[in-house]
Amino acid sequence: MTPDAEAGPDGATRLADPVLAGRGLPGLARTASELLGSPVAFIDRSGIVLAVAGATREQEIRLTGGGKSIGSIALKLGDEAVGEIRYIGEAVDEGLGAVLSALAALEVERARSVEWGNEGAVAEAVGAILDGQLSDPDEIVRRAGEVGCDISRGGGVLMVRAHAGSAQDEDWREHVLAMATRTIRTAVPGSIAGTSGLDEGSIVAVIVPSSEEERLLKVEEVLVRELPRSLSGLSVTVSRSRAVAEPVEFERAAREAHLALNVGEAEGRSPIAFEETGSYRLLLGTTNEELRSFYSETVEPLVDYDEQYETDLVATVEAYLESDGNAPATAKQMFTHRHTIRYRLERIRDLSGHDATATEGRERLSLGIKAMRVLGIASPRGRSREQVA
């Protein structure tokens, strides 16, 4: 046991702080790891990992697997076992361990869902509710209720997309889902998450069973705070829908969160709420076919050109629109000469058929850029080799 792990009022106070501050099991695990000077994991009664702190990926595997080299403290409420604490290192001081186990047992039980052990059923329920497979309100409520989520009085949807900035294990997407699930359960009990039917598993969709705005904000805050700490090497974008009052509105909430997610990722904004997407909101009711048409008729030729020749035509359109059609301001923003911008604008007109220097052309190109972002198509960033004519 390290000096920081000594029992006493200071240690007990430090353990209580994250619980009183509403940081739940992730915050408690982090504090416990700091006090013990070793990796710590909280496991529920069915063996589901609820929180891990201070561990490398290899150590996390050891903790979740258990074994002779792993220490354990039982979590009980009365005579009922609710889970255990696992750690790597020396035995924990008895007094400190008692405080830690009491706090952890209460947090585990508070966040517990009756269907945690069936992640497949949760994923299927999330997909069915958010993808519009269900239209009957009673059926939607029943399906969510089967996995411990009561949305009879409405709720909201959040989405998380993670991108790997460095080499990751093959199962890194499952790791993102697991970490998001652990986090939301401690924030608003009954919240569920899954990737079913969403962008090949790179998007985690969260259903929060509360139509109170502050509850949705609470889930957003913990996701933004906890995921970057737990997902090293990954960049994370978090988005949030408006609260809905009726079960049948969850499909629309999912579209709101997805639109905000794509906009946030394109503009480097996280977290981002649907209300913060400005004029993009006007495209919410537009079908993917219509969006694809807007994109193909305006920006797609520029994207293809940029990707082939490593140029910056799309970036130039974006900067030109942001500068209200001011070429010198665009040149300054892009660290290039204004004559280069003029030349690129001519290439943009030739390739797309739209003149960015005219009001109508800018409107069409602006719509194409918005469609590209709502569709989740990344803007190419080429190394311009164009020369002034």
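If we keep just the residues of the stretch 29-44 that are closer than 15 Å to Arg110 by Cα and in contact (Cβ under 8 Å) with a residue 60 or more places away in the chain, which is surrounded by the most Cβ atoms within 10 Å (Cβ to Cβ)? Ranking the candidates gives Phe42 first. Is it true that Ala104 is small (Gly, Ala, Ser) and at pLDDT below 85? No, not satisfied. A search for C-beta distances below 6 Å between a residue of the stretch 337-352 that is free of Cβ contacts under 8 Å to residues at least 60 places away in the same chain and any residue that is surrounded by fewer than 16 Cβ atoms within 10 Å (Cβ to Cβ) and part of a helix (DSSP H, G or I), counting only pairs 6+ apart in sequence or on different chains, returns Arg338/Pro328. Counting only helices (runs of 4 or more DSSP H) that sit wholly inside the stretch 318-380, those with at least 2 residues that are in contact with a Pro (Cβ under 7 Å, 6 or more places away or on another chain) and not charged (D, E, K, R) are 338-352. Gln333 satisfies every condition listed in (1) modelled with pLDDT of 95 or more; (2) under 32 Å from the mean Cα position of the chain (by Cα) except (1).
Of the strands (runs of 3 or more DSSP E) lying entirely inside the stretch 5-101, those containing at least 2 residues that are more than 18 Å from Ile184 (Cα to Cα) and not assigned by TED's automatic domain parsing to the domain that holds Pro228 span 71-77, 80-87.
Yes or no: Glu109 closer than 25 Å to Val188 by Cα, part of a strand (DSSP E or B) and not small (Gly, Ala, Ser)? No, not satisfied. Contact map, the stretch 265-289: residues that are at positive phi paired with residues that are among the hydroxyl-bearing types (Ser, Thr, Tyr), Cβ distance under 9 Å, separation 6+ or inter-chain. Pairs shown: Gly268/Thr237. Checking each residue in the stretch 121-148 for being in a loop (DSSP other than H, G, I, E, B) and closer than 15 Å to Ala193 by Cβ picks out Asp131, Val147, Gly148. Answer yes if at least one residue in the stretch 53-61 is touching a residue at least 24 places away in the same chain (Cβ under 8 Å) and out of contact with any Pro (no Cβ under 6 Å at 6 or more places or on another chain), and no otherwise. Within the stretch 53-61, one or more residues are touching a residue at least 24 places away in the same chain (Cβ under 8 Å) and out of contact with any Pro (no Cβ under 6 Å at 6 or more places or on another chain). The criterion of being touching a helix residue (DSSP H, G or I) at 6+ places or on another chain (Cβ under 8 Å) and either among the hydrophobic types (A, V, I, L, M, F, W, C) or buried (at least 16 other Cβ atoms within 10 Å of the Cβ) (or both) does not hold for Glu276. When Leu284 is tested against the conditions (1) farther than 18 Å from Gly156 by Cα; (2) hydrophobic (A, V, I, L, M, F, W, C); (3) modelled with pLDDT under 95, the lone failure is (1).
Checking each residue of the stretch 144-156 against the condition of being at pLDDT below 85, closer than 21 Å to Gly376 by Cβ and either aromatic (Phe, Trp, Tyr) or surrounded by fewer than 24 Cβ atoms within 10 Å (Cβ to Cβ) (or both) gives no match.
In the stretch 184-273, counting only strands (runs of 3 or more DSSP E) that sit wholly within it, the ones holding 1 or more residues that are under 12 Å from Val160 (Cα atoms) and among the basic types (Lys, Arg) span 234-240.
Table: residues versus (1) over 17 Å from His354 (Cβ atoms); (2) touching a helix residue (DSSP H, G or I) at 6+ places or on another chain (Cβ under 6 Å); (3) acidic (Asp, Glu); (4) in the same structural domain as Leu28 (by TED's automatic domain parsing).
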site: Arg229; (1), (2), (3), (4): yes, no, no, no
site: Glu246; (1), (2), (3), (4): yes, no, yes, no
site: Arg255; (1), (2), (3), (4): yes, no, no, no
site: Val263; (1), (2), (3), (4): yes, yes, no, no
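Evaluated against (1) at positive phi; (2) in contact (Cβ under 8 Å) with a residue 60 or more places away in the chain, Gly66 falls short on exactly one condition, (2).
The values are calculated or read from the model by the stated rules, or taken from the named source; none is laboratory data. Worth saying up front: this structure is predicted, and the values here are computed from it rather than measured. Virtual Cβ from ideal backbone geometry, glycine too; neighbours counted across all protein chains shown.
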